[in-house]
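Visitor: Let me give you the structure first, and then I'll get to my questions.
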Amino acid sequence: MKYLRMMLAMLTVVLLSSTTVLADVPSPTIPKGNAEKCVLPTDEMRVNHMEKILHQRDKTMHDGVRTEQFSFKKCINCHVVKDEAGKAVSYKDERHFCNSCHTYAAVKIDCFDCHASTPNSRKKTSAAGGKH
Amino acid sequence: MNKKENSSNGLSRRQFLGTSAAAGMTIAPGISLMSVAEAKPLDTAVSSDQRWGMLIDTNKCAKGCTSCVDACNTENGLNTGDEQLSRQGQKAQWIRKVDLRDKTTGHEVSLPLMCQHCENPPCVDVCPTGASFKREDGVVLVDKHTCIGCRYCMMACPYKARSFIHEELLNQVEDVPRGKGTVESCTLCVHRIDEDTNKQRDPACAEACNTAGHKAMIFGDLKDANSELSKQLKKHSSKAIRADLKLNPGVRYRGI
């Protein structure tokens, strides 16, 4: 019992010291999105955003489902960060929304090898042009 | 048929049939004898009730006109200047103009050629990762998330419809993700045809051809007998390019 208590005490010390170390590293400054709130509570998005995007990815690619809730395009449009000149910054810039956390967490993402990292919605040339 | 043969509610038999055909014969809520061919709502998956296709009338296609090619490049963000190191022949091209000349008669035709969206696509057969696939509604696509860039599909395609991206790209269009190391081809503008029921639009090439006044490209649903495409296909003789390969392409041509 005494041995167990000692182990527990040691563990607490280790845990405490590790938190002190973490506190020394500056937390990332995460830019706020442009909408009132995110498509899910922030805590949930922080942990699960990749799952949501992955699920939507396959649904869009294979089933042609293009609903907006977890649309990658919508993430980019809402979480746009602008530079001094008012121009949206690309993923090459460390201020980009995704970079703000991914650089901190040292998680490399390859989404932007293909996807546009800045909003570039264009005007639709004509609506309902087709007669199918 | 006796024209005086009117039913009691004032509708002639022909009128009645006309109305029910347009609305789909509903026998009970949620059950209908015949579904009306229309675009899908945004949140439903594509289904094999539709097969998207195109009819290209080479008699109307003007030699030297590149409206469809230009529209495709703009719509999909191709050739935006990102591919600086690639030779002309290496740059992405989803649709190209081909001029043909009959050596005996000297008759010339000009036609746009792109992915023919085969029913039995050889590109899908040879793909080692399953990245090259055919959607339920007949559109043949590359899932770039799984494409490893081996280019087997480019070799398998008899229409030379696919391109490989050799360089890092920066100016992608948000609707059309494209990136280095993957193969790509005409998507029939899926981002346009997947739009919500009333916002659905023709692919950029067909739209541009109409705007240019040639009206050589008709896009539509091959499985919907009432679509303009099906009507034209029924009325006129049309051909599949390399029909001998029995790929049954979704794109057919008139005048070749």
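Visitor: Percent relative contact order of region A:17-90, based on C-alpha pairs within less than 8 angstrom and at least six residues apart?
Guide: On the way: 29 pairs, mean separation 24.1, N = 74.
33 percent.
Visitor: If we count other beta carbons within 10 Å of each Cβ, what is the order of B:His236, B:His117, fewest first? Write down the numbers at each step before the final one.
Guide: On the way: B:His236 12, B:His117 28.
Final ranking by Cβ density, sparse to dense: B:His236, B:His117.
Visitor: Still on this structure, please answer the following. Regarding region B:190-256, what is the average projected area of its C-alpha convex hull, in nm²? Walk me through the numbers before you get to the answer.
Guide: Working: hull surface 22.3 nm².
The Cα convex hull of region B:190-256, projected and averaged over all directions, gives 5.6 nm².
Visitor: Kindly provide log₁₀ I(q)/I(0) values, in the same order as q = 0.09, 0.11, 0.17 Å⁻¹, from the Debye equation applied to equal alpha-carbon scatterers of region B:47-191.
Guide: Calculated log10 I(q)/I(0) at the listed q: -0.30, -0.44, -1.02.
Visitor: Further question on the same structure: Computed over the Cα atoms of region B:3-254, what is the ratio Rg over Rh, Rh following Kirkwood?
Guide: For region B:3-254, the value is 1.03.
Visitor: Let me ask you something else. Before anything else, pin down the relative contact order of region B:104-256: Cα pairs under 8 Å, at least 6 apart, normalised by residue count, whole percent. Spell out each step's value before the answer.
Guide: Working: 216 pairs, mean separation 32.0, N = 153.
Value for region B:104-256: 21 percent.
Visitor: In Å and from the alpha-carbon atoms only, list the Rg and Dmax of region B:142-196.
Guide: 12.0, 36
Visitor: Taking the DSSP beta bridges in region B:3-254 as the whole, what percent of them are antiparallel, to the nearest 5?
Guide: On the way: 22 of 26 bridges.
Given both bridge residues lie in region B:3-254, the antiparallel proportion sits at roughly 85 percent.
Each reported figure results from applying straightforward, stated rules to the coordinates on display, with no laboratory input. Nothing here was measured: the structure is a model prediction, and the numbers come from that model. Glycine also receives a Cβ, built like all others from the backbone with ideal geometry; neighbour counts cover every protein chain displayed.
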